[in-house]
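The values are calculated or read from the model by the stated rules, or taken from the named source; none is laboratory data. Note that the structure is predicted; figures quoted are calculated from it, not measured. Cβ: placed from backbone, ideal geometry, glycine included. Neighbour counts: every protein chain shown.
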(Lines give C-alpha, C1' and ligand atoms only; values in the text may rest on other atoms or scores of the structure.)
Protein backbone atom coordinates (compact mmCIF):
# COMPACT_ATOMS: atom_id res chain seq x y z
CA UNK A 1 0.00 0.00 0.00
CA UNK A 2 1.17 3.52 -0.79
CA UNK A 3 1.27 5.94 2.15
CA UNK A 4 1.13 9.70 1.79
CA UNK A 5 0.77 12.88 3.81
CA UNK A 6 -1.49 15.93 3.54
CA UNK A 7 -1.82 18.96 5.81
CA UNK A 8 -4.46 21.07 7.54
CA UNK A 9 -2.84 24.37 6.59
CA UNK A 10 -5.65 26.39 8.18
CA UNK A 11 -4.33 25.53 11.63
CA UNK A 12 -1.46 27.98 11.08
CA UNK A 13 -1.92 31.67 11.89
CA UNK A 14 1.21 32.74 10.04
CA UNK A 15 1.44 31.41 6.46
CA UNK A 16 5.22 31.88 6.21
CA UNK A 17 5.95 29.96 9.41
CA UNK A 18 3.33 27.30 8.73
CA UNK A 19 4.42 26.61 5.17
CA UNK A 20 8.06 26.46 6.28
CA UNK A 21 7.09 23.78 8.81
CA UNK A 22 5.34 21.79 6.07
CA UNK A 23 8.37 22.05 3.78
CA UNK A 24 10.63 20.75 6.55
CA UNK A 25 8.30 17.84 7.23
CA UNK A 26 8.08 16.96 3.53
CA UNK A 27 11.87 16.88 3.27
CA UNK A 28 12.03 14.48 6.21
CA UNK A 29 9.18 12.33 4.92
CA UNK A 30 10.74 12.06 1.47
CA UNK A 31 13.86 10.56 3.04
CA UNK A 32 11.69 8.16 5.08
CA UNK A 33 10.07 6.73 1.96
CA UNK A 34 6.59 8.24 2.11
CA UNK A 35 5.02 7.87 -1.30
CA UNK A 36 3.11 11.14 -1.75
CA UNK A 37 2.59 14.68 -0.50
CA UNK A 38 -0.77 16.44 -1.00
CA UNK A 39 -1.55 20.16 -0.81
CA UNK A 40 -5.23 21.13 -0.84
CA UNK A 41 -6.52 24.14 -2.72
CA UNK A 42 -8.29 26.50 -0.31
CA UNK A 43 -8.78 30.23 0.26
CA UNK A 44 -10.80 30.54 3.45
CA UNK A 45 -7.98 31.33 5.94
CA UNK A 46 -4.68 33.16 5.85
CA UNK A 47 -2.47 30.07 5.67
CA UNK A 48 -4.58 28.21 3.10
CA UNK A 49 -2.87 27.61 -0.24
CA UNK A 50 -4.77 29.04 -3.24
CA UNK A 51 -2.22 27.69 -5.75
CA UNK A 52 -1.04 24.21 -4.70
CA UNK A 53 0.80 23.68 -7.98
CA UNK A 54 3.18 26.57 -7.13
CA UNK A 55 3.79 25.20 -3.62
CA UNK A 56 4.43 21.71 -5.01
CA UNK A 57 6.70 22.95 -7.78
CA UNK A 58 8.88 24.47 -5.06
CA UNK A 59 8.78 21.14 -3.20
CA UNK A 60 9.82 19.33 -6.39
CA UNK A 61 13.27 20.90 -6.03
CA UNK A 62 13.60 19.84 -2.39
CA UNK A 63 12.49 16.21 -2.75
CA UNK A 64 13.70 13.25 -4.78
CA UNK A 65 11.05 10.55 -4.94
CA UNK A 66 7.70 11.49 -3.37
CA UNK A 67 4.67 12.08 -5.58
CA UNK A 68 3.45 15.70 -5.51
CA UNK A 69 -0.34 15.82 -5.63
CA UNK A 70 -2.77 18.73 -5.94
CA UNK A 71 -5.90 17.97 -3.88
CA UNK A 72 -9.36 19.54 -3.84
CA UNK A 73 -8.79 21.30 -7.21
CA UNK A 74 -11.75 23.50 -8.08
CA UNK A 75 -13.07 23.93 -11.59
CA UNK A 76 -14.25 27.54 -11.24
CA UNK A 77 -10.94 29.16 -10.28
CA UNK A 78 -9.06 28.72 -13.57
CA UNK A 79 -9.66 28.18 -17.25
CA UNK A 80 -9.46 24.52 -18.36
CA UNK A 81 -6.14 24.99 -20.25
CA UNK A 82 -4.65 26.58 -17.13
CA UNK A 83 -5.32 23.47 -15.06
CA UNK A 84 -3.76 21.25 -17.73
CA UNK A 85 -0.73 23.50 -18.00
CA UNK A 86 -0.06 23.88 -14.28
CA UNK A 87 0.06 20.12 -13.74
CA UNK A 88 2.28 19.69 -16.81
CA UNK A 89 4.73 22.29 -15.51
CA UNK A 90 4.80 20.61 -12.10
CA UNK A 91 5.31 17.22 -13.75
CA UNK A 92 8.17 18.56 -15.84
CA UNK A 93 9.99 20.11 -12.87
CA UNK A 94 9.44 16.98 -10.74
CA UNK A 95 10.37 14.54 -13.55
CA UNK A 96 7.04 12.70 -13.55
CA UNK A 97 5.87 13.03 -9.94
CA UNK A 98 2.81 15.28 -10.35
CA UNK A 99 -0.78 14.28 -9.66
CA UNK A 100 -4.19 15.93 -9.48
CA UNK A 101 -7.41 15.30 -7.53
CA UNK A 102 -10.57 17.29 -8.22
CA UNK A 103 -13.03 18.34 -5.54
CA UNK A 104 -16.57 17.06 -5.96
CA UNK A 105 -19.14 19.28 -7.60
CA UNK A 106 -21.25 19.61 -4.46
CA UNK A 107 -18.28 20.77 -2.36
CA UNK A 108 -17.63 23.66 -4.74
CA UNK A 109 -21.21 24.50 -5.65
CA UNK A 110 -21.20 23.39 -9.30
CA UNK A 111 -23.01 20.62 -11.19
CA UNK A 112 -21.26 17.25 -11.12
CA UNK A 113 -21.15 17.32 -14.93
CA UNK A 114 -18.89 20.38 -14.81
CA UNK A 115 -16.26 18.35 -12.95
CA UNK A 116 -16.70 15.40 -15.32
CA UNK A 117 -16.13 17.58 -18.38
CA UNK A 118 -13.03 19.13 -16.83
CA UNK A 119 -11.56 15.69 -16.15
CA UNK A 120 -12.28 14.57 -19.73
CA UNK A 121 -10.71 17.72 -21.15
CA UNK A 122 -7.60 17.65 -18.95
CA UNK A 123 -6.96 13.97 -19.65
CA UNK A 124 -7.31 14.47 -23.40
CA UNK A 125 -5.12 17.58 -23.42
CA UNK A 126 -2.29 15.66 -21.78
CA UNK A 127 -2.52 12.67 -24.09
CA UNK A 128 -3.06 14.20 -27.54
CA UNK A 129 -1.79 17.07 -29.63
CA UNK A 130 -4.47 19.12 -31.40
CA UNK A 131 -7.92 18.69 -29.84
CA UNK A 132 -11.17 20.50 -29.32
CA UNK A 133 -13.84 19.98 -26.69
CA UNK A 134 -17.53 20.83 -26.65
CA UNK A 135 -19.49 20.42 -23.45
CA UNK A 136 -22.08 22.29 -21.46
CA UNK A 137 -19.43 23.78 -19.16
CA UNK A 138 -16.11 23.36 -20.99
CA UNK A 139 -15.50 24.60 -24.53
CA UNK A 140 -12.07 24.68 -26.14
CA UNK A 141 -11.21 26.61 -28.23
CA UNK A 142 -13.82 29.16 -27.19
CA UNK A 143 -15.14 29.50 -30.76
CA UNK A 144 -15.93 25.75 -31.07
CA UNK A 145 -19.36 25.64 -32.74
CA UNK A 146 -22.46 23.89 -31.44
CA UNK A 147 -22.27 21.61 -34.49
CA UNK A 148 -19.02 20.04 -33.22
CA UNK A 149 -19.28 16.55 -31.69
CA UNK A 150 -19.84 16.50 -27.95
CA UNK A 151 -16.79 15.82 -25.82
CA UNK A 152 -13.30 15.47 -27.28
CA UNK A 153 -12.73 15.48 -31.03
CA UNK A 154 -9.59 15.44 -33.15
CA UNK A 155 -8.70 16.75 -36.63
CA UNK A 156 -9.33 14.21 -39.35
CA UNK A 157 -6.50 15.43 -41.57
CA UNK A 158 -3.06 16.76 -40.69
CA UNK A 159 -3.19 20.45 -41.70
CA UNK A 160 -0.26 22.37 -43.12
CA UNK A 161 1.82 23.82 -40.32
CA UNK A 162 1.17 27.47 -39.55
CA UNK A 163 3.19 29.14 -36.80
CA UNK A 164 1.15 30.78 -34.07
CA UNK A 165 2.42 34.25 -34.98
CA UNK A 166 1.06 33.73 -38.50
CA UNK A 167 -2.48 32.76 -37.48
CA UNK A 168 -3.83 36.26 -38.00
CA UNK A 169 -7.20 37.18 -36.48
CA UNK A 170 -8.55 33.61 -36.60
CA UNK A 171 -7.70 30.84 -34.12
CA UNK A 172 -7.49 27.28 -35.51
CA UNK A 173 -10.35 24.92 -34.70
CA UNK A 174 -8.00 22.45 -32.97
CA UNK A 175 -5.30 23.47 -30.52
CA UNK A 176 -2.57 21.79 -28.49
CA UNK A 177 -1.95 22.33 -24.77
CA UNK A 178 1.77 22.62 -24.00
CA UNK A 179 3.92 21.56 -22.34
CA UNK A 180 2.84 17.96 -22.04
CA UNK A 181 3.39 16.14 -18.73
CA UNK A 182 6.75 14.43 -18.33
CA UNK A 183 4.86 11.11 -18.20
CA UNK A 184 1.97 10.42 -20.61
CA UNK A 185 -0.69 10.25 -17.91
CA UNK A 186 -0.31 11.99 -14.57
CA UNK A 187 -2.37 10.34 -11.76
CA UNK A 188 -5.86 11.86 -11.67
CA UNK A 189 -8.50 11.34 -8.95
CA UNK A 190 -11.91 12.76 -8.13
CA UNK A 191 -13.76 12.96 -4.84
CA UNK A 192 -16.87 10.77 -5.04
CA UNK A 193 -19.11 12.69 -2.63
CA UNK A 194 -21.85 12.94 -5.28
CA UNK A 195 -23.77 9.88 -6.46
CA UNK A 196 -23.58 11.11 -10.06
CA UNK A 197 -19.80 11.42 -9.90
CA UNK A 198 -19.42 8.07 -8.11
CA UNK A 199 -21.25 6.25 -10.91
CA UNK A 200 -19.58 8.25 -13.70
CA UNK A 201 -16.06 7.73 -12.31
CA UNK A 202 -16.65 3.99 -11.83
CA UNK A 203 -17.93 3.60 -15.40
CA UNK A 204 -15.13 5.70 -16.91
CA UNK A 205 -12.26 4.17 -14.93
CA UNK A 206 -11.43 7.42 -13.09
CA UNK A 207 -9.69 6.85 -9.75
CA UNK A 208 -11.79 7.74 -6.67
CA UNK A 209 -10.75 9.69 -3.59
CA UNK A 210 -12.34 9.88 -0.14
CA UNK A 211 -11.18 13.13 1.49
CA UNK A 212 -10.68 13.63 5.22
CA UNK A 213 -13.90 15.59 5.72
CA UNK A 214 -16.10 12.56 4.89
CA UNK A 215 -16.90 10.20 7.81
CA UNK A 216 -15.05 6.90 7.57
CA UNK A 217 -18.20 4.77 7.56
CA UNK A 218 -19.66 6.80 4.69
CA UNK A 219 -16.39 6.58 2.78
CA UNK A 220 -16.36 2.80 3.14
CA UNK A 221 -19.94 2.60 1.87
CA UNK A 222 -19.24 4.87 -1.12
CA UNK A 223 -16.12 2.96 -2.15
CA UNK A 224 -18.06 -0.31 -1.95
CA UNK A 225 -20.66 1.20 -4.29
CA UNK A 226 -17.89 2.44 -6.58
CA UNK A 227 -16.48 -1.08 -6.86
CA UNK A 228 -19.93 -2.50 -7.58
CA UNK A 229 -20.56 0.05 -10.35
CA UNK A 230 -17.08 -0.49 -11.80
CA UNK A 231 -17.53 -4.26 -11.85
CA UNK A 232 -20.89 -3.92 -13.63
CA UNK A 233 -19.26 -1.66 -16.21
CA UNK A 234 -16.54 -4.23 -16.83
CA UNK A 235 -13.76 -2.01 -15.53
CA UNK A 236 -10.58 -3.60 -14.24
CA UNK A 237 -9.64 -2.85 -10.65
CA UNK A 238 -6.03 -2.62 -11.77
CA UNK A 239 -6.65 0.57 -13.75
CA UNK A 240 -7.52 2.79 -10.77
CA UNK A 241 -5.82 4.01 -7.61
CA UNK A 242 -8.23 4.16 -4.66
CA UNK A 243 -7.20 6.95 -2.29
CA UNK A 244 -8.50 7.45 1.25
CA UNK A 245 -7.42 10.40 3.39
CA UNK A 246 -7.88 10.11 7.18
CA UNK A 247 -6.73 11.89 10.28
CA UNK A 248 -4.73 9.85 12.79
CA UNK A 249 -4.53 10.17 16.58
CA UNK A 250 -1.74 7.96 17.92
CA UNK A 251 -2.62 6.94 21.49
CA UNK A 252 -5.75 9.05 21.10
CA UNK A 253 -9.43 8.51 20.55
CA UNK A 254 -10.89 7.41 17.25
CA UNK A 255 -13.94 9.26 15.89
CA UNK A 256 -15.96 9.46 12.69
CA UNK A 257 -13.05 11.01 10.78
CA UNK A 258 -10.04 9.81 12.78
CA UNK A 259 -8.22 6.52 13.23
CA UNK A 260 -7.05 6.35 16.84
CA UNK A 261 -5.31 4.12 19.37
CA UNK A 262 -1.86 2.60 19.48
CA UNK A 263 0.26 2.36 16.32
CA UNK A 264 -0.82 -1.30 16.08
CA UNK A 265 -4.49 -0.25 16.33
CA UNK A 266 -4.01 2.31 13.55
CA UNK A 267 -2.16 -0.22 11.40
CA UNK A 268 -4.95 -2.78 11.78
CA UNK A 269 -7.62 -0.14 11.09
CA UNK A 270 -5.94 0.81 7.80
CA UNK A 271 -5.58 -2.85 6.83
CA UNK A 272 -9.29 -3.39 7.49
CA UNK A 273 -10.13 -0.41 5.31
CA UNK A 274 -8.03 -1.95 2.54
CA UNK A 275 -9.91 -5.22 2.83
CA UNK A 276 -13.33 -3.55 2.77
CA UNK A 277 -12.71 -0.98 0.05
CA UNK A 278 -9.64 -1.87 -1.98
CA UNK A 279 -7.81 1.26 -0.80
CA UNK A 280 -4.36 1.24 -2.36
CA UNK A 281 -3.18 4.67 -1.24
CA UNK A 282 -3.65 5.86 2.35
CA UNK A 283 -3.06 9.55 3.08
CA UNK A 284 -2.52 10.79 6.63
CA UNK A 285 -4.10 14.24 7.00
CA UNK A 286 -1.72 15.98 9.38
CA UNK A 287 -3.48 18.25 11.86
CA UNK A 288 -0.95 19.29 14.46
CA UNK A 289 0.44 15.94 15.60
CA UNK A 290 3.74 16.13 17.44
CA UNK A 291 7.09 15.37 15.77
CA UNK A 292 7.31 12.24 17.90
CA UNK A 293 3.96 11.04 16.52
CA UNK A 294 5.34 11.59 13.04
CA UNK A 295 8.38 9.39 13.68
CA UNK A 296 6.31 6.75 15.46
CA UNK A 297 3.87 6.58 12.54
CA UNK A 298 6.77 6.28 10.12
CA UNK A 299 8.52 3.49 12.03
CA UNK A 300 5.50 1.55 13.37
CA UNK A 301 2.77 2.03 10.75
CA UNK A 302 4.10 3.24 7.41
CA UNK A 303 6.90 0.69 7.01
CA UNK A 304 4.54 -2.21 7.79
CA UNK A 305 1.93 -0.98 5.33
CA UNK A 306 4.58 -0.71 2.64
CA UNK A 307 6.30 -4.00 3.53
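Return the total of residues in region 279-304 being closer than 18 Å to residue 222 by Cα and surrounded by 18 or more Cβ atoms within 10 Å (Cβ to Cβ).
4
Step by step: first the residues of region 236-248, then only those that are out of contact with any helix residue (DSSP H, G or I) (no Cβ under 7 Å at 6 or more places or on another chain) and free of Cβ contacts under 8 Å to residues at least 40 places away in the same chain, then the one that is surrounded by the most Cβ atoms within 10 Å (Cβ to Cβ). Which residue is that?
Among those residues, the one meeting the criterion is 240.
So that you can scan it fast, the table gives a plain yes or no per residue for (1) crowded, with 20+ Cβ neighbours inside 10 Å; (2) over 23 Å from residue 11 (Cα atoms):
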{"residue": "218", "(1), (2)": "no, yes"}
{"residue": "224", "(1), (2)": "no, yes"}
{"residue": "256", "(1), (2)": "no, no"}
{"residue": "259", "(1), (2)": "yes, no"}
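Here's a check for you: in region 1-27, which residue that is more than 19 Å from the chain's Cα centre (by Cα) and in contact (Cβ under 8 Å) with a residue 40 or more places away in the chain is surrounded by the most Cβ atoms within 10 Å (Cβ to Cβ)?
Ranking the qualifying residues of region 1-27, first place goes to 25.
Being over 21 Å from residue 78 (Cβ atoms) and either within 17 Å of the chain's Cα centre (by Cα) or without any contact (Cβ under 8 Å) to a residue 24 or more places away in the chain (or both) is the filter here; which residues of region 32-49 pass it?
Listed by number, the residues that qualify are 34, 35, 36, 37.
To keep it simple, each residue is scored yes or no on (1) over 13 Å from the mean Cα position of the chain (by Cα); (2) at pLDDT 95 or above; (3) surrounded by fewer than 19 Cβ atoms within 10 Å (Cβ to Cβ); (4) closer than 15 Å to residue 196 by Cβ.
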position	(1), (2), (3), (4)
83	no, yes, no, no
88	yes, yes, no, no
94	yes, yes, no, no
99	no, yes, no, no
102	no, yes, no, yes
111	yes, yes, yes, yes
116	yes, yes, no, yes
122	no, yes, no, no
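Limited to region 127-151, what total is found for residues that are at pLDDT 95 or above, surrounded by fewer than 21 Cβ atoms within 10 Å (Cβ to Cβ) and closer than 23 Å to residue 191 by Cβ?
4
Could you list, in sequence order, all residues of region 98-119 that are closer than 19 Å to residue 177 by Cα and free of Cβ contacts under 8 Å to residues at least 60 places away in the same chain?
117, 118
Restricting attention to region 150-163, report how many residues are under 18 Å from residue 125 (Cα atoms) and over 27 Å from the mean Cα position of the chain (by Cα).
Count: 3.
For region 43-75, give me each residue that is crowded, with 19+ Cβ neighbours inside 10 Å and assigned to a loop (DSSP other than H, G, I, E, B).
As a first pass, look at region 43-75 and keep what is crowded, with 19+ Cβ neighbours inside 10 Å: 47, 49, 52-53, 55-57, 59-60, 63, 66-75.
Those that are crowded, with 19+ Cβ neighbours inside 10 Å and assigned to a loop (DSSP other than H, G, I, E, B): 47, 63, 66, 74, 75.
Strands (runs of 3 or more DSSP E) wholly in region 134-233 with at least 1 residues that are under 30 Å from residue 257 (Cα atoms) and in contact (Cβ under 8 Å) with a residue 24 or more places away in the chain - which ones?
Values: elements: 151-153, 188-191, 207-210.
So the answer is 188-191, 207-210.
So residue 259 fits all but one of (1) part of a helix (DSSP H, G or I); (2) touching a strand residue (DSSP E or B) at 6+ places or on another chain (Cβ under 8 Å); what number is the exception?
The one condition residue 259 does not meet is (1).
For the list (1) under 23 Å from residue 69 (Cα atoms); (2) modelled with pLDDT of 95 or more, I need the number of the one condition that residue 289 fails.
With respect to (1) under 23 Å from residue 69 (Cα atoms); (2) modelled with pLDDT of 95 or more, residue 289 is out only on (2).
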